[in-house]
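What follows is one structure encoded as structure tokens, with my remarks underneath.
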Amino acid sequence: MNGHMIAILVKNKYGVLNRITSMFRRRQFNISSLTVSETESAERSRITILFPGEEERKEQLVNQLYKLPDVISIKELAPELAVHREVLLIKVENAPKSRDDLKAAADAFGAKIVDYARDSVMYQMTGDSRSIDDFIELMRDHNILEICRTGIVALERGNTTITGGELNI
């Protein structure tokens with residue numbers, strides 16, 4: 001995982017995601033990964049964003065994000081202090097000559113078959129970004145039909161929560 005990973009707790013209102021992503025656009029940051037979902041309360045959403053950039057510019061961006069009225073809290077998640085995962089769905093051609101190789105690769109990476117047809121097989125894999133990338137690269141030896149992957153979801157290890165502390169910049 002390259003870049004900065006931040007979690008933003010926001011009020012669950014119409015247009016909040018647009019305002020957050022517009023801030024990234026205006027500051028000329030490219031978003032590598034983005035996930036959004038309701039939290040333990042339907043009144044709040046959690047946005048997890050992975051983006052590249054220099055430390056100083058990241059700090060300026062975070063300070064600007066704090067000025068948005070719907071932002072409740074922001075926390076930078078250091079990879080070594082957080083559990084982070086992605087989900088991958090990958091559909092590959094189910095050719096008789098490659099079935100054993102596909103099964104061996106799936107077993108090695110902990111991927112599960114979630115759909116099996118005569119002409120295709122779909123695997124689901126959950127893991128860190130690097131493992132997902134490695135599995136996709138291995139599958140390139142076969143005929144990949146489709147790929148869909150989520151962005152990163154992450155929580156800080158231990159009893160610290162997004163609202164329980166200051167931004168660790």
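The values are calculated or read from the model by the stated rules, or taken from the named source; none is laboratory data. Keep in mind that this is a model prediction, so the values were computed, not measured. Glycine gets a Cβ as well: all are built from the backbone with ideal geometry, and neighbour counts include every protein chain shown. Accessible surface areas use protein heavy atoms only, side chains included; no ligands, DNA or RNA. Shrake-Rupley method; radii C 1.70, N 1.55, O 1.52, S 1.80 Å.
Below are the figures for this structure:
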| quantity | calculated |
| --- | --- |
| Solvent exposure of the chain as accessible area per residue, Å², 1.4 Å probe | 59 |
| Cα-based Rg / Dmax (Å) for the chain | 18.7, 58 |
| Distance between the range 8-31 and the range 69-103 - C-alpha centres, whole angstrom | 22 |
| Lysine pair count for the chain [Cα-Cα under 16 Å; pairs on different chains or 8 or more apart] | 8 |
| Label-point separation in nm, E56 to D133, each point 7 Å along Cα→Cβ | 2.7 |
| Isotropic mean projected area of the C-alpha convex hull, the range 12-84 (nm²) | 5.2 |
| Within the chain, longest stretch free of exposed GluC sites (Glu not before Pro) [DSSP loop, at most 12 other beta carbons within 10 Å] | 55-165 |
| Modelled FRET efficiency - R0 41 Å, N143 with L68, Cβ distances, 0.05 increments | 0.35 |
| Whole-angstrom Cα spans of the range 68-116 along principal axes, big to small | 56, 25, 12 |
| Label point at N2 placed 7 Å out along Cα→Cβ; residues across the range 12-45 whose backbone nitrogen lies under 19 Å | 28-34 |
| For H142, solvent-accessible area (1.4 Å; no DNA, RNA or ligand), Å² | 40 |
| Carbon plus sulfur fraction of accessible area for the range 64-126, probe 1.4 Å, in percent | 53 |
